[in-house]
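The structure appears right after this line, and notes come after that.
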Amino acid sequence: MSYTTIRSGEQVSLKRAPRASAEHVDKTYPLWFHLPGGIIYLVLFIVPTVFSFYFAFTRWTLFKSTFIGFDNFVLFFSEPGLIGSLRNTLVYGFLTSGLKVVLGMMLAVVLSAPIIARGYLRSVTFFPVLVSAVGVGLTFQVLLDPFNGVVNQLITAITGHDGPGWLTDPNIALLSVVGIDVWKGIGLATLIYIAGIAAIPNEYFEAARVDGASSWQVFRNIILPLSFPATSTVIILSLIGGLRSFDLIWTTTQGGPGFASDVIASVIYKQYQAGFYGLSTAGNVILFIVVTAIIYPLSRWLNSKETVL
Amino acid sequence: MSFRKQGRLALIASLGAGALALTACTPGSLGSNASSGSASGATAVTITVLADNSDQTTKPLQAVIDAFNAKDTGVTVKLESRPQGTDGDNIVKTRLSTGDMDEVFQYNSGSLLAALDPAKNIVPLTDESFMANVDDSFKTSVTSDGQIYGVPLGQATGGGILYNKKVFAKLGLSVPKTWAEFMANNAKIKAAGIDPVIQTYGDTWTSQLFVLADFHNVSTADPEWATKYTANDPSAKYAVDPALKGFQRLEDVAKAGYLNKDFASAKNSQGLQKLVKGTGAQYPMLTFVVGTYSAMSDTAAQDIGFFAQPGDDASTNGLTSWSPGGLYIPTSASAEKQAAAKKFLEFVATPEACDVQTKAVAPSGPYAIKGCTLPDGLPAAVTDLQKYFDDGNVSPALEFVSPLKGPNLEKITVEVGSKITSAADGAKRYDEDVKKQAQQLGLEGW
């Protein structure tokens, strides 16, 4: 049984499944059976979504709202910091996603090899994922303090010069947060890759060994292409996470210094804090559209690559 | 099996009963059984006060509440706390809009109060007899559409520059009355190897002082500035003089290299520590921090002095002052509770309540209630501050004479103070920020 047949088999069953199960449900359950779930979905998801689209077109103080058409969207796009925050969002999303793919793959290859204390090393890689983002952010804020932080004290002790202002220098603040995000999220990417590599049938490796392939050739021609499903999962998950990332940025730099590490989500949060409820709702609608516009085609493209395999 | 089932049923029943018992009392009355029993019988009313959780608020407020509860008024008051800053603002706004506010709440006066839509949400106190005890300057900061809404809690504070008197004495410096003198002092302090100006952008709010405390200089240059600014007059913008000077002064000290080297990451408390130790000479600040630094060393209270932010002209030198926060009654409270809340506010507006607060925490400035006096032996900075009030050289800060304050000022002043943007660009950006706030408030002419 080869890998490709598993995939194509899945495709067939996936195509057939929805229609078959829909008919099945129709026949078995009466309407009232769907009602409780339907009402919960309506009240908690549909109604707030519709409301938020409405409030995005109003000037809203929580006490009263005035309909102002597209003014909020115009204002949001004319915000001087918006271009910067949009660029930061994309830089942050694609950089964290890319680094997690590359580093996660490398770590997974190492941790799939028969090395000493493999189980322990795998757990250590995964631990940061289990810690809350706020805790990680506050910890790194202390560690990266330009003069009292451990990191820069070490740099000063070795080089004799002051280290960089990791979170306070406007040129590198965003990159520092990217580094922290990668450190925190790499465990999940590694885990997905380990599972992906473990799912590759052993026959390929045996055949390669018989043909005398080098380890680089094994990696390039077997592990890399056959763990593609893992790659696309990691890309999608980390990109969605990166594009709407907020908690780490807020706890480390609050979008600062000034506006240097602002992303769309932190701009929205600040507008909400300031009481611009209509404007920030409009921002959320825009964030929703931006994330969808990037993720939907990307995920379609990655899926189409998978079926070719 | 059946036994276990019964046990489970009993558990569910008791949980349900517990939930019923919980819903029967308001959050504020939790655990108040003992005290309401001792109050005057059936007429006892319990009200709660929602206040921010800073020491500067809770300590004196709790003392006032204790003193009030000790009297036999038939009203018992409880304190409930909320976070400070913008998170606290959101809690107050959400509770008001859902009609879920405590019977009394503590909140800022001035522009932040204006954003609460007082006409709809707050009970006017204009006709209450106890309002005669309240200072007129405070009344203007809690007035909206001709109605007065609050009673002051705590003391006025000054915005200006705290300085280390020992450093000044050692270098033979005198308190500057003009910006030129201030910069000349800075040059000498720097030559002596001491940081002339402390900035602490780890707490971003501290970056606004040079701009906000400059308002006395703005309003002496143009007494109508605040009115024009609220009305969107193009001559009263931060991007043009006289208001632009505040941003330029921040830029001046940053460009001259007068800041402490860890200005970008230091926190407010670290800044105060530098000031007390004398590694930094001057710190633009609000005087409410007096209690904090006084606790840092035995002599700190007398070593640290205060002067108003210098302007262009020594003859108009004066102080920008911040009104104390107020106590307000929401319209959502029932008539009976409103009457009880007014009894409490009546007590707050007496000199007796001031004395209780003075005992709880050393005052950081004068009270806004008539007949209140300050004790002797106060920290030097408070005495310096009091002098401006005694001489009448005081202007209220802009946020108390206009409902407009842009929410992003502290980010913009960090940018200017860190030399990321110029003073002119920062001021222009702040004008945009103010415009958004004006539109949100629905002001005319924007």
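Values quoted throughout were computed directly from the atomic coordinates according to the rules given, and no laboratory measurement underlies them. All figures in this text were calculated on a predicted structure; none of them were measured in a lab. Cβ sites come from the backbone with ideal geometry, for glycine too, and all protein chains shown count toward neighbours.
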field: Members of B:59/B:387; B:59/B:267; B:237/B:435; B:245/B:267; B:177/B:245; B:165/B:359 lying beyond 18 Å, as alpha-carbon distances in this model show
entry: B:59/B:387; B:59/B:267; B:245/B:267; B:165/B:359
- prompt: Among the aspartates and glutamates, which have Cα under 17 Å from the Cα of residue B:71 when same-chain residues fewer than 8 positions away are ignored?
  reply: B:346, B:352, B:355
field: Cβ-defined net charge surrounding residue B:48, 13 Å radius [Lys, Arg +1; Asp, Glu -1]
entry: 0
query: Which whole-Hz ³J(HN,Hα) couplings does the range B:373-390 yield from phi under the Karplus relation 6.51 cos²θ - 1.76 cosθ + 1.60, θ = phi - 60°, glycine and proline marked x?
result: 10, 9, x, 7, x, 7, x, 4, 5, 5, 4, 4, 5, 4, 4, 4, 5, 4
- line: Summed over the other residues with a beta carbon less than 13 angstrom from that of residue A:292, with K and R at +1 and D and E at -1, the charge totals +2
- request: Find out how many positive minus negative residues lie around residue B:116, taking Lys and Arg as positive, Asp and Glu as negative, among other residues whose Cβ is under 10 Å from that of residue B:116.
  value: 0
task: Select from B:426, B:371, B:154 the residue whose mean-square fluctuation is largest in a Gaussian network model of chain B (Cα-Cα springs shorter than 10 Å).
output: B:371
field: Two-site label geometry, residue B:446 and residue A:73: point separation in nm, points 7 Å out along Cα→Cβ
entry: 2.3 nm
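With an 8 Å cut-off on Cα pairs and a minimum separation of 6 or more residues, tell me the relative contact order of chain A in percent. Let's see the in-between values first.
Working: 329 pairs, mean separation 87.4, N = 309.
Answer for chain A is 28 percent.
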- request: May I ask you to list the aspartates and glutamates whose Cα is less than 15 Å away from that of residue B:255, ignoring any residue fewer than eight positions away on the same chain?
  value: B:195, B:415
task: Taking amide H positions as placed in the peptide plane 1.01 Å from N, state which residues far from residue B:236 in sequence (5 or more) or on other chains have amide H under 5 Å from it.
output: none
field: Inter-label distance, nm, simple model (7 Å from Cα along the C-beta direction), residue A:292/residue A:52
entry: 1.1 nm
query: If you line up the long axis of helix B:351-360 against the longest principal axis of chain B, both from Cα atoms, how many degrees apart are they, to the nearest 10?
result: 80 degrees
- prompt: Between the range B:43-117 and the range B:143-214, what is the C-alpha centre distance in whole Å?
  reply: 30 Å
- prompt: When all C-alpha to C-alpha distances in chain A are sorted into bins of 20 Å, what percent of pairs does each bin hold, rounded to whole numbers?
  reply: 24, 48, 26, 2
- prompt: Considering the zone a paramagnetic label at residue B:144 would reach in this model (a point 7 Å from Cα along the Cα-to-Cβ line), which residues of the range B:304-341 have amide N under 18 Å from it?
  reply: B:323-333
- prompt: What does the average come to when, for each residue of peptide A:270-276, you count the partner chain Cβ atoms lying within 10 Å of its Cβ?
  reply: 6
- prompt: Can you give the mean number of other chain Cβ atoms that lie within 10 Å of the Cβ atoms in peptide B:431-440?
  reply: 3
query: Using θ = phi - 60° and the Karplus curve 6.51 cos²θ - 1.76 cosθ + 1.60, what whole-Hz ³J(HN,Hα) does each residue of the range A:103-119 get, with Gly and Pro shown as x?
result: 5, x, 4, 4, 4, 5, 4, 4, 7, 8, 6, x, 10, 5, 6, 4, x
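For chain A, compute the number of Lys pairs whose alpha carbons are separated by less than 23 Å, excluding pairs fewer than 8 positions apart on the same chain.
Working: A:15/A:27; A:15/A:305; A:64/A:270; A:100/A:184; A:100/A:305.
Lysine pairs meeting both conditions in chain A amount to 5.
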message: If the elastic network links every pair of Cα atoms under 10 Å, which of A:52, A:97, A:245 fluctuates the most in the Gaussian network model of chain A?
response: A:52
query: Relative contact order of chain B: what whole-number percent is it, with Cα pairs under 8 angstrom and at least 6 residues apart?
result: 25 percent
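At 222 nm, what helix-only mean residue ellipticity would chain A give, in deg cm²/dmol to the nearest 500, using -39500 (n - 2.57) for each DSSP H run of four or more? Don't skip to the end; give the middle numbers.
Details: 15 runs with 222 residues, N = 309.
-23500 deg cm²/dmol, from helical runs alone.
What average count of beta carbons from other chains do you get within 10 Å of the Cβ of residues in B:414-420?
Details: counts 8, 6, 1, 2, 8, 1, 7.
Across B:414-420, the average partner-chain Cβ count within 10 Å equals 5.
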query: Between the range A:205-244 and the range B:223-251, what's the alpha-carbon centroid distance in Å?
result: 61 Å
message: Can you tell me the orientation of helix B:85-97 relative to chain B, as the angle in degrees between its alpha-carbon axis and the longest Cα principal axis, to the nearest 10?
response: 40 degrees
query: Under a GNM of chain A (C-alpha, springs under 10 Å), which listed residue has the highest mean-square fluctuation: A:181, A:71, A:262?
result: A:71
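Can you show me the helix-derived [θ] at 222 nm for chain B, built from DSSP H runs with n ≥ 4 at -39,500 (n - 2.57) apiece and divided by the number of residues, rounded to the nearest 500. Mind showing how you got there, number by number?
Values: 21 runs with 203 residues, N = 446.
Helix-only estimate at 222 nm: -13000 deg cm²/dmol.
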- line: In nm, the gap between the two label points placed 7 Å beyond Cα toward Cβ at residue A:117 and residue A:301 is 4.2 nm
